[in-house]
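Presented below is the structure to which this report refers.
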Amino acid sequence: MYISHKTMTTKADEGSPAATTPTTTGQRPTTLAINVPTPVVPPAEGQTPSPNHKSTIVIESQPKRRVSIVSESPTLAANNSGFDNPAFEPAHMRKISQASTQSYLDNGPPGRRRSILKDSPLPHDNDSVDRVSTHSYENYRQSALDVLNAKYNNLQAVNDSRNGSGHYVEQSWIYNFCLKCRKEEPSESWEPPFWQKVFPYPLCPTFRTFSRLVSLIAIGALLWIVSFVIIGHSAAPGGQLFDLVVLTVAANFGGYLISLATLPRLIGMLLVGLLFQNVGWVDLDGDFSKVTAHLRKFALTIILTRAGLEMEPEAFKKVYKTILKLGIVPWFVEFGVLATMSHYLLGLPWIWGCMLGAIMAAIAPAVVVPCLFRLRTKGYGVAKGIPTLVVAVSGVDDAISVAIFGIISTIMFSDRGQLYLIAQVPVCLIGGLGFGLIWGLLARIFPEKGDAYVVPLRTLLLFIGNLVAIYGSEKLGFEGAGPLGVVFSSFISNYYWCKDGWTIDDNPVGTGFEIFWMIFEPILFGVTGATIKLRELDPNLLYIGALCIFSGVIIRILVTAGIAIGDRLNTREKFFVGLSWMAKATVQAALGPVALRHLNDKSTDDERSWAKIVQTICIFSILLTAPLGAILISVTGPRMLTKTKQMQQNLTGWRRPSIRDISIIDEEEEREDPEIPEDKQTQDNTQNNSQHPNFSYICNN
């Protein structure tokens, strides 16, 4: 007695939906049902045949298993003897698995291959009747399998003929490199019919990318014409304004090239500025240095504003003690180490050493945040809030650095009385916090939250108000109050905006300041790199400077790991937090050349020499620590942080990446191959098949 069933299904891949129509994308068909004539079968005892059993044949095994048909078309030869059992056919006439490298060309002529049963258990003795075949049953089963194989092979032949011409391109390194440079577009783009023939993707840019580039070039050319008519010689080729524009464009391109190696873009921008200065392609000295000084202040305002907007108010309220502890104590330790070493090793006076220490103790969010974003997307360190902690502390550190630098700068270059110098610290502290609180409250009320233009109005008000804080504090002689007010006003504004319905992840004002930073980032780092003249550098200064930089960084890492007791961090996580704060970039680029700008004709040669040492060490620290910090964060993160499971997110449209995109399910490590649930159609088919009665063929020998 031999068993027959009602439907036959084939599954190409585990987890694929059933009964789907095969497409022309090169994927194997998932489910096929073949209607073949069925002999009249007498029902078994105690069974009632279903009225549908005459239309289809079901190949079913117990327990239920998915079946995959191999790609070779079967040959109806007499060699297989009509059997589908390994005991009755030669070993070389079938393949053991679909992934097998053994070919029939090595062992003999092709024959009908046995269906491959994925993850099939060993049969039991009571299932032996299901494995026996007869000539009468096998003929019908063979016919169904032949139809399946013929359809599948025809589909494969069509796909191969369409895609076969590009296989050699897809295997080349240049194809993979170009594919890595491409980004997914949010929507389908129109392109001329001839575009793909002349400029094939991904070896050439899409028409949307090309048209965007042409538009930007046209806008730039038209703006240059207008500037040339208004300004005159400075905007002409060879003028300083023209050189600044060329430097900015080249720095942006250099940052793009560096970003392909997953390094911070600012490294490429800094190197481009260094190249332009030492080759002689740019000259930004003289009266034009006033323009670059104002551009630095604009960039500094954007840096501090983004630092305040990145701090999450709710997380800050919960762990403010930890944030302040890890932000203030390691900062003062690195500040003291650099001030002391620069005094004894570089020969700087104590006040100049303190200025250098204040600049160098700052953290670079431009390096830290993108690296942590990549780790966050993989679920590393989010269960304990490590990304949020690192970003919050970097904002606090930047505020302290700029505020202390302003106080020291005022003391150094001011000729007022002793009482004025003593009042610097309390006035800057109280004035900065007071301004931030008042401006943050005003930003909540004006404009009204339901205004149609609320986003641009809030963005412009916050930016202009922070510029007033920077320039106003400098004009009043309390330079340290402005940076503190900028960070605090951004934080207070963001706090009230979140209470009104906005979120940290999707803050439109934060997106606006990211656009501002995209404009000013190549300007800041390109101009900063252009201030270094290699022919004037002293090699001994670089050696001693590197010693001072790494000494301060290492001691800060050890101190951070030592004071992070009671913060629910294990030893590896404590050292990772310390490593993530070693990168120097934004504040060093903005404040490094400032001391040299403060000097005038009455300044001595020693003061000019000390200012150049401060500038050189700051820029040298960017070249040393920014790429090293980015690499260490990316490499040590997966080894030192715990990986957590993530919920599937629907991230559509262009939005500002934020550290807080993840939702925590638990703190257990995510499985490498998460289980994919079966689709509803597959479950319904399985349930229907399990309800079919079994029919038997009777063979009369």
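The values are calculated or read from the model by the stated rules, or taken from the named source; none is laboratory data. Worth saying up front: this structure is predicted, and the values here are computed from it rather than measured. With ideal geometry, Cβ positions are generated from the backbone for all residues, glycine too; neighbour counts draw on all protein chains shown.
For the range 173-196, which positions are more than 15 Å from LEU260 (Cβ to Cβ) and in contact (Cβ under 8 Å) with a residue 40 or more places away in the chain? Residue satisfying the conditions is PRO186 alone.
Taken over the range 314-368, the criterion of being in contact (Cβ under 8 Å) with a residue 24 or more places away in the chain and in a loop (DSSP other than H, G, I, E, B) is satisfied by VAL319, LEU346, LEU348, PRO349, ALA361, ALA362, ILE363, ALA364.
On inspection, LEU345 passes the criterion of being more than 29 Å from the chain's Cα centre (by Cα), farther than 17 Å from LYS584 by Cβ and of a type in the set (A, V, I, L, M). Based on what the data block shows, is ILE504 assigned to a loop (DSSP other than H, G, I, E, B), among the hydrophobic types (A, V, I, L, M, F, W, C) and out of contact with any strand residue (DSSP E or B) (no Cβ under 6 Å at 6 or more places or on another chain)? Against the criterion (assigned to a loop (DSSP other than H, G, I, E, B), among the hydrophobic types (A, V, I, L, M, F, W, C) and out of contact with any strand residue (DSSP E or B) (no Cβ under 6 Å at 6 or more places or on another chain)), ILE504 qualifies.
The numbered conditions (1) surrounded by 23 or more Cβ atoms within 10 Å (Cβ to Cβ); (2) touching a Leu at 6+ places or on another chain (Cβ under 9 Å) are all true for ASP243 except (1). Condition check for GLY406 on (1) among the small types (Gly, Ala, Ser); (2) at pLDDT 90 or above; (3) out of contact with any Pro (no Cβ under 7 Å at 6 or more places or on another chain): one failure, at (3).
Restricting attention to the range 482-513, the residues being surrounded by fewer than 18 Cβ atoms within 10 Å (Cβ to Cβ) and either free of Cβ contacts under 8 Å to residues at least 12 places away in the same chain or closer than 30 Å to ILE408 by Cα (or both) number 2. In the condition set (1) within 21 Å of VAL425 (Cα to Cα); (2) under 33 Å from the mean Cα position of the chain (by Cα), GLY465 is compliant with all but (1). Taking the listed residues ALA561, ALA585, the one that is modelled with pLDDT under 95 and crowded, with 24+ Cβ neighbours inside 10 Å is ALA585, with no other qualifying. Of all residues in the range 373-409, those satisfying the criterion of being of a type outside the set (A, V, I, L, M) and outside any helix (DSSP H, G or I) are LYS378, GLY379, TYR380, GLY381, LYS384, GLY385.
Does SER211 meet the test of being modelled with pLDDT of 90 or more, out of contact with any Cys (no Cβ under 8 Å at 6 or more places or on another chain), over 26 Å from LEU270 (Cα atoms) and surrounded by 12 or more Cβ atoms within 10 Å (Cβ to Cβ)? Considered against the rule, which asks whether it is modelled with pLDDT of 90 or more, out of contact with any Cys (no Cβ under 8 Å at 6 or more places or on another chain), over 26 Å from LEU270 (Cα atoms) and surrounded by 12 or more Cβ atoms within 10 Å (Cβ to Cβ), SER211 comes out as yes. Condition (residue is closer than 19 Å to TRP502 by Cβ, of a type in the set (Ser, Thr, Tyr) and surrounded by fewer than 18 Cβ atoms within 10 Å (Cβ to Cβ)) applied to the range 447-457: is it met by at least one residue? For the range 447-457, residues closer than 19 Å to TRP502 by Cβ, of a type in the set (Ser, Thr, Tyr) and surrounded by fewer than 18 Cβ atoms within 10 Å (Cβ to Cβ): present.
Quick check: anything in the range 456-472 assigned to a loop (DSSP other than H, G, I, E, B) and modelled with pLDDT of 90 or more? No - not one qualifying residue is present in the range 456-472.
Do we have any residue at all in the range 289-304 that's within 24 Å of the chain's Cα centre (by Cα), assigned to a helix (DSSP H, G or I) and of a type outside the set (Val, Ile, Thr)? Within the range 289-304, one or more residues are within 24 Å of the chain's Cα centre (by Cα), assigned to a helix (DSSP H, G or I) and of a type outside the set (Val, Ile, Thr). A single entry from PHE491, PHE550, PHE525, PHE513 fulfils the requirement of being within 26 Å of LEU623 (Cβ to Cβ), of a type in the set (Phe, Trp, Tyr) and under 26 Å from the mean Cα position of the chain (by Cα): PHE525. Could you please let me know if THR652 is at pLDDT below 90 and assigned to a helix (DSSP H, G or I)? Answer is no for this residue. Consider the range 324-338 and keep the residues that are buried (at least 23 other Cβ atoms within 10 Å of the Cβ) and aliphatic (A, V, I, L, M). The one that is farthest from the chain's Cα centre (by Cα) is LEU338.
Screening VAL291 with (1) without any contact (Cβ under 8 Å) to a residue 60 or more places away in the chain; (2) in contact with a Gly (Cβ under 7 Å, 6 or more places away or on another chain); (3) of a type in the set (Val, Ile, Thr) gives one miss only, at (2). When we screen LEU244, LEU223, LEU213, LEU257 for residues that are in contact with a helix residue (DSSP H, G or I) (Cβ under 6 Å, 6 or more places away or on another chain) and either assigned to a helix (DSSP H, G or I) or touching a residue at least 12 places away in the same chain (Cβ under 8 Å) (or both), the only hit is LEU257.
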